[in-house]
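A.B. asks: Dropping the structure in here first, questions after.
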Amino acid sequence: MTARAATKPRVLSGIQPSGILHLGNYFGAIRQHIALQDRHPGQALYFIADYHALTTLRNPEALRANVFESAVTYLALGLDPARALLFRQSDVPEVTELAWMLATVTGMGLLERAHSYKDKLANGITPTVGLFFYPVLMAADIIAYDATLVPVGKDQLQHVEIAQDMVTHFNEAYGPQDPVLVRPEPLPARAAVVPGLDGRKMSKSYGNTLPLFESGKKLRKLVGQVVTDSTPLGEPLPFATCNVVALLRLFCDPAELAQLETWYREGRRDGAPFGYGHAKMLLADKIEQLFAPARARREHFLTAEGRAEVEAVLARAAIAARALAQQTLERCRRACGLR
């Protein structure tokens, strides 16, 4: 059995359930994922990478809660189960079997060059076999479903390249004339750079995030922590380098940004002094407004009825995803001589 050329592009991506999702997750990935379900209806697959999370998270209750929260977030933000599959990675065990097959044709040097592994070593994280093996499992996640397009930012591009290498090695070993596996291609994501409260990239590991669904006083308190300089109220403010402005760029149209730049340059708005506090209030309002509909949908999914709906979505999608993975795995088994 050989890999059949896809009649339509098939998109695949995953998100690791390592904590509460934030603005960086939305503007960096989730927004693009939701848009792709419209461009590729019925051919978009998104998995919640709970196997991958085991490399860093050892709290089973926290993992279960994070997986559910990730599913709720995607559904609340507009993922349509009729146009895209959303499922747990662990509900498709064929992926781990495929990972072993890929490992048997993968050289150690390829994994040793993985940026994510080297970065974690550099940050003092004790390496485990799972951490080293991470790119193999990620490749299996992509290859199992004959995915042809993988939306990625620059920091994840290498993982797709590693998956391409594994497809090449496997096909050379078992199907030089009739390729067994489909080669995936990266789909460069037009991901916005989202600064955190301290100006660095927004990341849970830095503790500098703005949660997607926070509101009211808690949201305003968090936004108030965005780092700015000590320019006093009413004085001209640095527009180009301001962390608050960098976040507002995600929400404002060109006309609004032009107006904001005028307020910054003059240090006044409608004749009254203008300062960072006013800009932060504007940012909090923008966050509230953009995510209000999703916040309301999320509240429904947290009810008993809504929770049942979420679990049903994950279960149905897992059945469909397994059917695809089983076809790929059967090709590999036959090619290797296991059937």
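A.B. asks: Go through segment 101-119 and count every residue that is surrounded by fewer than 19 Cβ atoms within 10 Å (Cβ to Cβ) and part of a loop (DSSP other than H, G, I, E, B). It would help to see each step written out before you state the result.
C.D. replies: Here is the first cut: in segment 101-119, the residues surrounded by fewer than 19 Cβ atoms within 10 Å (Cβ to Cβ) are 103-105, 107-113, 115-119.
Right, trim to part of a loop (DSSP other than H, G, I, E, B) and you get 104-105, 107, 113.
Number satisfying all stated conditions: 4.
A.B. asks: Here is a further query. Can you find a residue in segment 211-224 that is open to solvent by less than 70 Å² (accessible area, probe 1.4 Å) and of a type in the set (Asp, Glu)?
C.D. replies: Residues of segment 211-224 open to solvent by less than 70 Å² (accessible area, probe 1.4 Å): 211-216, 219, 222-224.
From what is left, the residues that are of a type in the set (Asp, Glu) are 214.
For segment 211-224, residues open to solvent by less than 70 Å² (accessible area, probe 1.4 Å) and of a type in the set (Asp, Glu): present.
A.B. asks: How many of the residues in segment 146-186 are over 25 Å from Lys118 (Cβ atoms), in contact with a strand residue (DSSP E or B) (Cβ under 7 Å, 6 or more places away or on another chain) and outside any loop (DSSP other than H, G, I, E, B)?
C.D. replies: Of the residues in segment 146-186, 1 are over 25 Å from Lys118 (Cβ atoms), in contact with a strand residue (DSSP E or B) (Cβ under 7 Å, 6 or more places away or on another chain) and outside any loop (DSSP other than H, G, I, E, B).
A.B. asks: Same structure, new question: State yes or no: is Leu248 surrounded by 15 or more Cβ atoms within 10 Å (Cβ to Cβ), more than 30 Å from His169 (Cα to Cα) and either of a type in the set (S, T, N, Q) or in contact (Cβ under 8 Å) with a residue 24 or more places away in the chain (or both)?
C.D. replies: Values: surrounded by 15 or more Cβ atoms within 10 Å (Cβ to Cβ): yes; more than 30 Å from His169 (Cα to Cα): yes; either of a type in the set (S, T, N, Q) or in contact (Cβ under 8 Å) with a residue 24 or more places away in the chain (or both): yes.
In short, yes.
A.B. asks: So which residues in segment 131-180 are modelled with pLDDT of 95 or more and polar (S, T, N, Q), if there are any at all?
C.D. replies: Selection gives Thr148, Gln164, Thr168, Asn171.
A.B. asks: Also, quick follow-up: Residue check, Pro195 against (1) more than 17 Å from the chain's Cα centre (by Cα); (2) open to solvent by less than 20 Å² (accessible area, probe 1.4 Å), all met but one. Which one?
C.D. replies: The single condition Pro195 does not satisfy is (1).
A.B. asks: Within segment 120-136, is there a residue that is within 30 Å of Ala325 (Cα to Cα), assigned to a helix (DSSP H, G or I), touching a residue at least 40 places away in the same chain (Cβ under 8 Å) and open to solvent by 30 Å² or more (accessible area, probe 1.4 Å)?
C.D. replies: yes
A.B. asks: Regarding segment 119-128, can at least one residue be identified that is basic (Lys, Arg) and modelled with pLDDT of 95 or more?
C.D. replies: Residues of segment 119-128 that are basic (Lys, Arg), as a first pass: 120.
Those still in the list that are modelled with pLDDT of 95 or more too: none.
Within segment 119-128 (the criterion being basic (Lys, Arg) and modelled with pLDDT of 95 or more), the answer is no, since none of the residues qualifies.
A.B. asks: Then there's this: When you go through (1) of a type in the set (D, E, K, R); (2) surrounded by 17 or more Cβ atoms within 10 Å (Cβ to Cβ); (3) over 18 Å from Phe47 (Cβ atoms) one by one for Asp155, which number turns out not to apply?
C.D. replies: (2) is the only condition that Asp155 fails.
A.B. asks: Tell me the residue from Ala258, Ala284 that is modelled with pLDDT of 95 or more and surrounded by fewer than 13 Cβ atoms within 10 Å (Cβ to Cβ), please.
C.D. replies: Working: Ala284 fails: surrounded by fewer than 13 Cβ atoms within 10 Å (Cβ to Cβ).
Of Ala258, Ala284, the one residue that is modelled with pLDDT of 95 or more and surrounded by fewer than 13 Cβ atoms within 10 Å (Cβ to Cβ) is Ala258.
A.B. asks: Moving to a separate point now. Quick one: Asp50 ticks every box in (1) more than 14 Å from the chain's Cα centre (by Cα); (2) modelled with pLDDT of 95 or more bar one, so which box is it?
C.D. replies: Of everything listed in (1) more than 14 Å from the chain's Cα centre (by Cα); (2) modelled with pLDDT of 95 or more, Asp50 misses just condition (1).
A.B. asks: Could you please find all residues in segment 203-232 being closer than 25 Å to Leu57 by Cβ, in contact (Cβ under 8 Å) with a residue 60 or more places away in the chain and in contact with a Leu (Cβ under 6 Å, 6 or more places away or on another chain)?
C.D. replies: Leu210, Leu212
A.B. asks: Restricting attention to segment 181-195, report how many residues are within 20 Å of Leu12 (Cα to Cα) and modelled with pLDDT of 75 or more.
C.D. replies: 8
A.B. asks: Name the single residue, out of those in segment 321-339 being open to solvent by 40 Å² or more (accessible area, probe 1.4 Å) and basic (Lys, Arg), that is farthest from Met101 (Cα to Cα).
C.D. replies: So, considering only residues that are open to solvent by 40 Å² or more (accessible area, probe 1.4 Å) and basic (Lys, Arg), the one farthest from Met101 (Cα to Cα) is Arg322.
A.B. asks: Residues Glu61, Glu69, Glu94: which one is of a type outside the set (A, V, I, L, M) and in contact with a helix residue (DSSP H, G or I) (Cβ under 8 Å, 6 or more places away or on another chain)? Please lay out each step first, then the result.
C.D. replies: Values: Glu61 fails: in contact with a helix residue (DSSP H, G or I) (Cβ under 8 Å, 6 or more places away or on another chain); Glu69 fails: in contact with a helix residue (DSSP H, G or I) (Cβ under 8 Å, 6 or more places away or on another chain).
When all the criteria are applied, what remains is Glu94.
A.B. asks: Further, regarding this structure: With the structure loaded, tell me whether Leu98 is open to solvent by less than 60 Å² (accessible area, probe 1.4 Å) and either modelled with pLDDT of 95 or more or over 20 Å from Gln158 (Cα atoms) (or both) or whether it fails that test. If you could, list the steps in order and put the result at the bottom.
C.D. replies: Working: open to solvent by less than 60 Å² (accessible area, probe 1.4 Å): yes; either modelled with pLDDT of 95 or more or over 20 Å from Gln158 (Cα atoms) (or both): yes.
Yes; evaluated as a whole, the condition is true for this residue.
A.B. asks: Okay, next question. Can you pull out every residue in segment 43-59 that is open to solvent by 30 Å² or more (accessible area, probe 1.4 Å) and over 22 Å from Phe132 (Cα atoms)?
C.D. replies: Gln43
A.B. asks: Are any residues in segment 225-240 open to solvent by 40 Å² or more (accessible area, probe 1.4 Å) and within 27 Å of Glu69 (Cβ to Cβ), and if so, which ones?
C.D. replies: The answer is Gln225, and nothing else.
A.B. asks: Would you say Pro17 is at pLDDT below 95, under 18 Å from Arg307 (Cα atoms) and not aliphatic (A, V, I, L, M)? Walk me through it before giving the result.
C.D. replies: Numbers: at pLDDT below 95: yes; under 18 Å from Arg307 (Cα atoms): yes; not aliphatic (A, V, I, L, M): yes.
The answer is yes for Pro17.
The values are calculated or read from the model by the stated rules, or taken from the named source; none is laboratory data. This structure is a prediction, so every number in the text was calculated from the model and none was measured. In this analysis, Cβ positions are derived from the backbone assuming ideal geometry, glycine residues included, and neighbour counts consider all displayed protein chains. When the accessible area is computed, the model is the full protein with side chains, heavy atoms only, and any ligands, DNA or RNA have been set aside. Shrake-Rupley method; radii C 1.70, N 1.55, O 1.52, S 1.80 Å.
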